[in-house]
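Notes for the one structure printed next.
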Amino acid sequence: MPVTTWTPMVMFPILFGLSMDYQVFLISRVREEYERTGDTRTAVATGLARTAKVITAAAAIMIAVFTTSLLGPDVAVKQGALGMAVAVLIDATIVRMIFVPAVMELCGKANWWMPGRRVPTTTPTGPPRIAEEAKL
């Protein structure tokens, strides 16, 4: 049977949302480690090591949930469920566990560059009245 026309259009937004969850898990931990150490290579390795179990477990749960829909009678639902299960497997293993860390290693400090962000020229201090009150 051919693929139902609405299946890919429904799958892509759902998969985008699910993949952002994995991305937030991974990148937030890598960013925390980078702020702590200042070394991208160490941050990527440590961040990946600390989030790999969470990402793998979440992906396994979603794959199990999606594959239960394969038992139903509706062919369109089966197509969507199989597509979602395969896409989550590919996204969690290949993209998030291999591709993203590899690209982050290659980019180095460019990972943390943000256009338009200015580096402060002086260290910020509190409002002047607080400093004056502290002297009294």
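Of these, ALA76, ALA45, ALA49, which one is surrounded by fewer than 14 Cβ atoms within 10 Å (Cβ to Cβ) and out of contact with any Phe, Trp or Tyr (no Cβ under 6 Å at 6 or more places or on another chain)?
Only one candidate qualifies: ALA49.
Listed here are the helices (runs of 4 or more DSSP H) enclosed by segment 32-136 that have at least 1 residues being at pLDDT 90 or above: 40-68, 75-90, 100-107.
The C-beta contact set for segment 1-20 (first residue in a loop (DSSP other than H, G, I, E, B), second residue among the small types (Gly, Ala, Ser) and surrounded by 11 or more Cβ atoms within 10 Å (Cβ to Cβ), distance under 6 angstrom, 6+ apart or interchain) comprises THR4/ALA76. Within segment 60-75, residues that are closer than 25 Å to PRO2 by Cβ have Cβ atoms under 8 Å from residues that are in a loop (DSSP other than H, G, I, E, B) in these pairs: VAL75/MET1; VAL75/THR4, counting only partners at least 6 apart in sequence or on another chain.
Screening the candidates LEU26, LEU15 for the property of being surrounded by 16 or more Cβ atoms within 10 Å (Cβ to Cβ) and closer than 19 Å to VAL77 by Cβ yields one hit, LEU15.
The values are calculated or read from the model by the stated rules, or taken from the named source; none is laboratory data. In this text, all values refer to a predicted model and were calculated from it rather than measured experimentally. Cβ coordinates were reconstructed from backbone atoms using ideal geometry, including for glycine residues, and neighbour counts include every protein chain displayed.
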